[in-house]
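A short worksheet on the structure shown next.
Rule-based calculations on the coordinates, nothing more; no lab input. All figures in this text were calculated on a predicted structure; none of them were measured in a lab. As a convention, Cβ positions derive from the backbone with ideal geometry for all residues, glycine included, and neighbour counts pool all protein chains shown.
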Ligand SMILES: Cc1cc2nc3c(=O)[nH]c(=O)nc-3n(C[C@H](O)[C@H](O)[C@H](O)COP(=O)(O)OP(=O)(O)OC[C@H]3O[C@@H](n4cnc5c(N)ncnc54)[C@H](O)[C@@H]3O)c2cc1C
């Protein structure tokens, strides 16, 4: 029977200098009024200006080759920078997906021309990517996608509808998963015949329709492709290998500190709001949250170290995301119960951000039920 394994790991001393550097950068930006800390900024707070500043200061593409604008550091360096950006609630949605998963995917599977056209811009914080996986009838069951790509002279024509495509209306490209071989020719295996493409979101035939939240906020979209042309060199990796590639991409998508730190700015503000003379009830509630956060951080560092070593800790990452997203949701609930509305406009904003974003925490990147299924299967209890 397979077992979950979180080898004891800590961040190397070399990451400390970087942590101090990003902290000082962020303190200066807050002092200059560039941003006010908010919750869930990696999905909702899209600021090209801020992403470009991060790129110019060497905080993006940290582990990527210098040849493509990267800094040839480690994934643990990226972990440290991510922690600081999330903890201070910086506006990081523009570059988040490209820095986390599109860049690594293209560096791993892309051809030279694709890399040259996209990766340096991502490292500079100037080119942004969305994720084109989900469809109206393919969310948890991603293998049910129906979108297609058909070969034509010089490229491919893409047809179909993607949904819940965060920030597609503001980003430049998405990596889109489609069928290049009809389902009927897969011999009953739905994982055969899928491919990934890097598609320019502004090509003719690509219509981006907004899906607004109840709050009026717009980050979701439906992306309708009608004979949208993608040139040959924008086929990512091998034709037909899309399923394996997408599973690799999901390992990056599920394993980062954004899966337990989305509401950290609120937790930090809550500690200040409660103050040094906390009631027993408040101290116990805060202590429980902080203890869980500490354990999750250790698990997440262990996963990051395994990823850095080229391992694929898919089950361990799934459990971190399941437990982490429950925690980030509960932080909002505890804050709401301990501090009545009206404490301060900034505190109320953090509470409402976290409560309104909370339904998405346990859905995005794979729902908690699906993640628990992965863990159960790996443990041999399913
Ligand atoms: C904030 C947010 C941002 C997102 N951004 C993107 C994006 O940029 N790009 C993109 O491609 N997608 C994105 N998504 C979509 C996300 O990946 C899907 O919502 C998710 O995979 C679930 O799919 P679904 O919504 O179709 O729900 P369904 O798959 O229909 O699931 C509905 C419910 O049934 C449960 N369920 C389904 N199957 C099983 C099963 N086998 N066993 C037990 N329970 C099951 C699920 O857990 C869930 O509770 C985003 C979602 C959110 C909330």
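I'd like the antiparallel share, as a percent to the nearest 5, of DSSP beta bridges with both residues in segment 132-198.
Of the beta bridges lying entirely in segment 132-198, close to 85 percent run antiparallel.
Starting with the fewest neighbours, write out 112, 308 ranked by other beta-carbon atoms found within 10 Å of each beta-carbon.
Working: 112 8, 308 16.
Going from least to most buried by this count: 112, 308.
Rounding to the nearest 10 and keeping the result within 0 to 90°, find how far the Cα-based axis of helix 264-274 lies from the longest principal axis of the chain.
With rounding to tens, the tilt is 10 degrees.
Identify the residues of segment 126-153 with backbone N under 17 Å of a label point that sits 7 angstrom from the Cα of residue 57 along the Cα-to-Cβ direction, or state none.
Residues passing the 17 Å test: 126.
Which of the peptides 183-192, 118-127 is most tightly packed, and how do the rest follow, judged by the mean count of other Cβ atoms within 10 Å per residue?
118-127, 183-192
Please tell me the relative contact order of the chain in percent, rounded to the nearest whole number, where contacts are Cα pairs under 8 Å and at least six residues apart.
18 percent
For the peptides 265-275, 29-39, 319-329, what is the packing order when you average, over each peptide's residues, the other Cβ atoms within 10 Å and list the highest mean first?
The packing order, highest mean first, is 319-329, 265-275, 29-39.
Quick one: 71, 219, fewest Cβ neighbours within 10 Å first, how do they rank? Display every interim value, and only then the final one.
Values: 71 18, 219 22.
Ascending number of Cβ neighbours within 10 Å: 71, 219.
Simple spin-label model, 7 Å along Cα-to-Cβ: residue 111 to residue 311 in nm?
Taking the two extended label points, one gets 3.6 nm.
Determine, for each peptide in 140-153, 360-373, the mean count of other beta carbons within 10 angstrom over its residues, then list the peptides with the highest first.
Packing order, densest peptide first, comes out as 360-373, 140-153.
Hey, how many Å between the Cα centroid of segment 320-366 and the Cα centroid of segment 34-94?
22 Å
How long is the gain from residue 363 to residue 151 if the chain were fully straight, where each residue apart is worth 0.36 nm and the alpha carbon distance is subtracted?
Gain on stretching residue 363 to residue 151: 72.9 nm.
To the nearest 10 degrees, how steeply does helix 280-308 sit against the main Cα axis of the chain, on a 0 to 90 scale?
Approximately 40 degrees, to the nearest ten.
On full extension of the chain, what length is gained from residue 141 through residue 181, given 0.36 nm per residue of separation minus the C-alpha to C-alpha distance?
Length gained, residue 141 through residue 181: 12.6 nm.
Taking 0.36 nm per intervening residue step and subtracting the Cα-Cα distance, what contour gain separates residue 211 from residue 376 on full extension?
56.0 nm
Taking neighbour counts of Cβ atoms within 10 Å as a proxy for exposure, in what order, fewest first, do 217, 109, 95 appear?
Taking fewest neighbouring Cβ atoms as first place, the list is 217, 109, 95.
Counting only Cα, what are the radius of gyration and maximum Cα-Cα distance Dmax of segment 14-128, in Å?
13.5, 42
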